[in-house]
Amino acid sequence: MISVENLSKRYGTSTVVDDVSMQIERNSITVIVGTSGSGKSTLLRMINRLVEPSAGRVLLDGKDTRSEPAHLLRRRIGYVIQGHGLFPHRTVEENIATVPRLLGWDGARVRARVAELLEVFQLEPQRYARAFPHELSGGQQQRVGVARALAAEPAVLLMDEPFGALDPIIRAKAQEDLLAIQRRFGTTVVLVTHDMDEAFHLGDHVAVMSQGRLLQYDRPAQLLTHPADPFVSRMTGLADRAMRLLSLTTAGELAAAGESSGPRVPESASLREALSEMLWCGAQSALVVDEEGRPRGQVTMAAILAHGRPR
Amino acid sequence: MSAPQPLPLEVPAAAGRPLARLDRLGSLLTLCATAALLSTPFMLVKANRIVPGVPRSLFESLPHGGALGCLMLLALAGGIAVTVQNARLRLGAALAGVIAISVASGCAARALTPAGNQVIRVAAGPAFWVLLGCLALLCTDAVTRLRPPPARRVALLGLFLIASLLLLSTGLFDQLSVMREYQVNHERFADELRQHVLLALGSLGAAVAVGLPLGILCHRVPRLRAGILGTLNVVQTIPAIALFGILMAPLGALAVAVPFAARLGIRGIGAAPAALALFLYSLLPIVANTVLGLQRVSCQAVDAALGMGMTAAQTLGRIELPLALPVILTGIRVVLVQNIGMVTVAALIGGGGLGTFVFQGIGQTAIDLVLLGAIPIVVLAFSAAVLLDALVEVLNRGRR
């Protein structure tokens, strides 16, 4: 668990981060969202001490992060930045092996870990291990960036706008990959973005920042139904807030016993997607199916509409 | 023939006009060479080493069979340079031309020197030098068109140097005036060559040892950058002779005050001020290119390196310097070529080097002695440039 306690950062007279406190849960994805200049990146960079706080402290599993040299702390925390930041003069393999080598792992262990990560990130070792970053596509470079950050099995992964440079299709794929990776390794992820859709899609918790202050830190649904500040409503958007709320629940979660002659929707689809499919087909209900296509129950239009209202 | 014919989108502009198909550079160089061959002597025969020579044309210098053979080879090279576009063929023809005029000059020197006469000097004339220049330009043009990979360029250079040395060692050129000067000075030649290379490389080494840290400092502390680069810029503008003069007084005083320094060879004149001046000139390109190279390193790579737990020193040594290396090496290339040329002037204050022959030759109006110094300097500078260019290109591969 990461405890951020009364953290501030001032440069001269301007305060970039202003007295922020938050508890980040283990094994969850926390997204810090805000406009540019809101201090979200600075807050993230204070967790691994790339920026030293002016006031306050960060506890990692109860231990003050300043109790060890900064570079040793950073080797235990994964770090991914926008545009991947891969080392252009090193191969994919060497890039991924960076932190294990800094930690002095033996060669066999490093090779095994690199091979495992290449497989997890769908990069064929024969083809990509010896490739240089410029020989990869944007999506592949981004995957190598995340693989490199996870190489030494860190408990915490910090990501600063990791998908900002990707086009929409590759970006969606990268987001799904991140969710899968997080489930697989149980990593605690803290991710910074300016994209509210990304925040709602990925975040177990979302922190909204503006002008250095933390306005609200809550589950995504709570941001919609109980915004703590008008700025939070503006960020989440008023026009389609019901749709956003629906996008937070999956069809599988709402499936009730029963048969439906309506369209088939996968249980991982959001209620928003299910509703859209039902509108498209003119149906009053949809059949929820699992990955193998077996029926899991049905969702009705009425149940979805009820779910789109704040309680 | 059912396959569709490709549309003739681009009709070669020269298709109908044979003149437009002629190679421009080749035609120009062939014209120059022909004019020189017709209007200026191929060889000069001097009664002794300092009087002006009596002109001798190609046919007056060689037995007619040899002269005709040489002329035909040259005509062939000219023809290929004008009409053929194949770069390999052009290179081969130009090289054959170089060999032809070299062998011709060596044979002519033998033929024109009366047996046993040690006073008479036979030197290459203007036509020879113009021909050599034109053929060398054709060679470099052909090599540029071939765009050989770095390793092959270095191999070509090595081959050229070895072939030249072998040709010289056959004794074919021993009657040429430059080689006569070499025979008189051959012990000193080795020493001065060594001194020349030592001065050029030593001052470069010292400049790298000081300039690299200075460049890193400039990069890290932007406030120092303007001051340091400005100072080095001013040093760069001082003419070499003036800098030697400026250094003479303090170094002379140092030698008097500290006998140990004098024993090390530090004096107001000689190699010490020369090396120091070259070192000062070398600093600016190395510091400036180090700063430029470090600035060009992607700040994301540096951020990632620090974020993953590299210390500042590890980031510098493993990420920043390797990525800046091609630019730093470009600075080193500039310095090395510049130094090889500038060491020549060091001879003026007793610093030694091949410049000794150049200035002695000027003093004695013995042009062949000047050439004995100047030709190796050109070859050294050219070789250094080819080697370091190849190194920079190799390092630039696989990284963007």
### Query
Considering region A:223-246 alone, what residues qualify as being under 20 Å from A:I304 (Cα atoms) and crowded, with 20+ Cβ neighbours inside 10 Å?
A:L223, A:L224, A:R244, A:L245, A:L246
#### Entry: Per-region count, region B:190-207, residues surrounded by 15 or more Cβ atoms within 10 Å (Cβ to Cβ) and touching a Gly at 6+ places or on another chain (Cβ under 9 Å)
8
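Quick one: which residue in B:A207, B:A288, B:A275, B:A261 is without any contact (Cβ under 8 Å) to a residue 24 or more places away in the chain and away from every other protein chain (no Cβ under 14 Å)?
Details: B:A207 fails: without any contact (Cβ under 8 Å) to a residue 24 or more places away in the chain; B:A288 fails: without any contact (Cβ under 8 Å) to a residue 24 or more places away in the chain; B:A275 fails: without any contact (Cβ under 8 Å) to a residue 24 or more places away in the chain.
Step by step, each of B:A207, B:A288, B:A275, B:A261 is checked, and only B:A261 is without any contact (Cβ under 8 Å) to a residue 24 or more places away in the chain and away from every other protein chain (no Cβ under 14 Å).
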### Query
For region A:262-286, how many residues are out of contact with any strand residue (DSSP E or B) (no Cβ under 8 Å at 6 or more places or on another chain) and touching a residue at least 24 places away in the same chain (Cβ under 8 Å)?
2
### Query
With B:G317, B:G307 as the choices, which residue is more than 25 Å from A:E161 (Cβ to Cβ) and free of Cβ contacts under 8 Å to residues at least 60 places away in the same chain?
B:G317
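Would you mention how many residues in region A:1-21 are under 10 Å from A:R57 (Cβ atoms) and out of contact with any Leu (no Cβ under 8 Å at 6 or more places or on another chain)?
Going residue by residue through region A:1-21, those that are under 10 Å from A:R57 (Cβ atoms) are A:3-7.
This time we only want the ones that are out of contact with any Leu (no Cβ under 8 Å at 6 or more places or on another chain), so: A:6.
Here the count works out to 1.
Going by what's in this entry, would B:G351 be described as buried (at least 24 other Cβ atoms within 10 Å of the Cβ), more than 14 Å from chain A (Cβ to nearest Cβ) and modelled with pLDDT of 90 or more? Before you say what the answer is, go through the steps one by one.
Details: buried (at least 24 other Cβ atoms within 10 Å of the Cβ): yes; more than 14 Å from chain A (Cβ to nearest Cβ): yes; modelled with pLDDT of 90 or more: no.
Criteria not met by B:G351.
From the list B:G205, B:G171, pick out the single residue that is at pLDDT 90 or above and out of contact with any strand residue (DSSP E or B) (no Cβ under 6 Å at 6 or more places or on another chain). Before you say what the answer is, go through the steps one by one.
Details: B:G171 fails: at pLDDT 90 or above.
When all the criteria are applied, what remains is B:G205.
Are there strands (runs of 3 or more DSSP E) fully within region A:126-244 with at least 3 residues that are in contact (Cβ under 8 Å) with a residue 60 or more places away in the chain and of a type in the set (S, T, N, Q)? List them. Outline the logic, then answer.
On the way: elements: A:156-160, A:188-193, A:205-210, A:213-218.
Hits in region A:126-244: none.
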### Residue in region B:329-348 that is within 13 Å of chain A (Cβ to nearest Cβ), touching a helix residue (DSSP H, G or I) at 6+ places or on another chain (Cβ under 9 Å) and within 29 Å of A:H134 (Cα to Cα) present
no
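Looking for something within 14 Å of chain B (Cβ to nearest Cβ), closer than 24 Å to B:Q314 by Cα and either touching a residue at least 12 places away in the same chain (Cβ under 8 Å) or out of contact with any Cys (no Cβ under 7 Å at 6 or more places or on another chain) (or both) - is there at least one such residue anywhere in region A:27-42?
Checked against the condition, which is being within 14 Å of chain B (Cβ to nearest Cβ), closer than 24 Å to B:Q314 by Cα and either touching a residue at least 12 places away in the same chain (Cβ under 8 Å) or out of contact with any Cys (no Cβ under 7 Å at 6 or more places or on another chain) (or both), region A:27-42 yields at least one hit.
Using the structure shown, decide if A:F121 is more than 9 Å from chain B (Cβ to nearest Cβ) and within 20 Å of A:T30 (Cα to Cα). First the steps, then the outcome.
Values: more than 9 Å from chain B (Cβ to nearest Cβ): yes; within 20 Å of A:T30 (Cα to Cα): no.
Criteria not met by A:F121.
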### Task
Report, by residue number, each residue of region A:298-311 that is surrounded by 11 or more Cβ atoms within 10 Å (Cβ to Cβ), modelled with pLDDT under 90 and either in a loop (DSSP other than H, G, I, E, B) or touching an Asp or Glu at 6+ places or on another chain (Cβ under 9 Å) (or both).
A:G308, A:P310
#### Entry: Residue list for region A:82-95, filter: free of Cβ contacts under 8 Å to residues at least 60 places away in the same chain and within 19 Å of A:F163 (Cβ to Cβ)
A:N95
### Query
When you scan region A:44-63, how many residues do you find that are part of a helix (DSSP H, G or I) and either among the aliphatic types (A, V, I, L, M) or more than 12 Å from chain B (Cβ to nearest Cβ) (or both)?
3
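Conditions tested, residue by residue: (1) over 17 Å from the mean Cα position of the chain (by Cα); (2) free of Cβ contacts under 8 Å to residues at least 24 places away in the same chain; (3) within 30 Å of B:N396 (Cβ to Cβ).
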{"residue": "B:A136", "(1), (2), (3)": "no, no, yes"}
{"residue": "B:L146", "(1), (2), (3)": "yes, no, yes"}
{"residue": "B:A151", "(1), (2), (3)": "yes, no, yes"}
{"residue": "B:F160", "(1), (2), (3)": "no, yes, yes"}
{"residue": "B:A163", "(1), (2), (3)": "yes, yes, yes"}
{"residue": "B:L167", "(1), (2), (3)": "yes, no, no"}
{"residue": "B:T170", "(1), (2), (3)": "yes, yes, no"}
{"residue": "B:E181", "(1), (2), (3)": "yes, no, no"}
{"residue": "B:A190", "(1), (2), (3)": "yes, yes, no"}
### Query
Are any residues in region B:354-400 under 12 Å from the mean Cα position of the chain (by Cα) and within 14 Å of chain A (Cβ to nearest Cβ), and if so, which ones?
none
### Every residue from region A:206-250 that is small (G, A, S) and either in contact with a strand residue (DSSP E or B) (Cβ under 6 Å, 6 or more places away or on another chain) or under 21 Å from A:K9 (Cβ atoms) (or both)
A:A207, A:S210, A:G212, A:A228, A:S247
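Here are A:R113, A:R109, A:R143, A:R130: which of them is basic (K, R), touching a Phe, Trp or Tyr at 6+ places or on another chain (Cβ under 9 Å) and either surrounded by fewer than 22 Cβ atoms within 10 Å (Cβ to Cβ) or at positive phi (or both)?
Details: A:R109 fails: touching a Phe, Trp or Tyr at 6+ places or on another chain (Cβ under 9 Å); A:R143 fails: either surrounded by fewer than 22 Cβ atoms within 10 Å (Cβ to Cβ) or at positive phi (or both); A:R130 fails: touching a Phe, Trp or Tyr at 6+ places or on another chain (Cβ under 9 Å).
Only one candidate passes the filter, namely A:R113.
Being among the β-branched types (V, I, T) and more than 10 Å from every other protein chain (Cβ to nearest Cβ) is the filter here, so list the residues in region A:66-115 that pass it. Give the derivation first.
Applying the first criterion (among the β-branched types (V, I, T)) to region A:66-115 yields A:77, A:80-81, A:91-92, A:96, A:98-99, A:110, A:114.
Those that are among the β-branched types (V, I, T) and more than 10 Å from every other protein chain (Cβ to nearest Cβ): A:V92, A:I96, A:V110, A:V114.
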#### Entry: Single unsatisfied condition, A:S276 versus (1) part of a helix (DSSP H, G or I); (2) at pLDDT 90 or above; (3) small (G, A, S); (4) touching a Gly at 6+ places or on another chain (Cβ under 8 Å)
(4)
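Report those helices (runs of 4 or more DSSP H) wholly inside region B:63-160 carrying at least 3 residues which are within 15 Å of B:T30 (Cα to Cα), touching a helix residue (DSSP H, G or I) at 6+ places or on another chain (Cβ under 6 Å) and small (G, A, S).
B:64-83, B:87-112
The values are calculated or read from the model by the stated rules, or taken from the named source; none is laboratory data. Just so it is clear, the model here is predicted, and its values are computed rather than measured. A quick note on method: Cβ atoms are made from the backbone with ideal geometry, for glycine too, and the neighbour counts reach across all protein chains shown.
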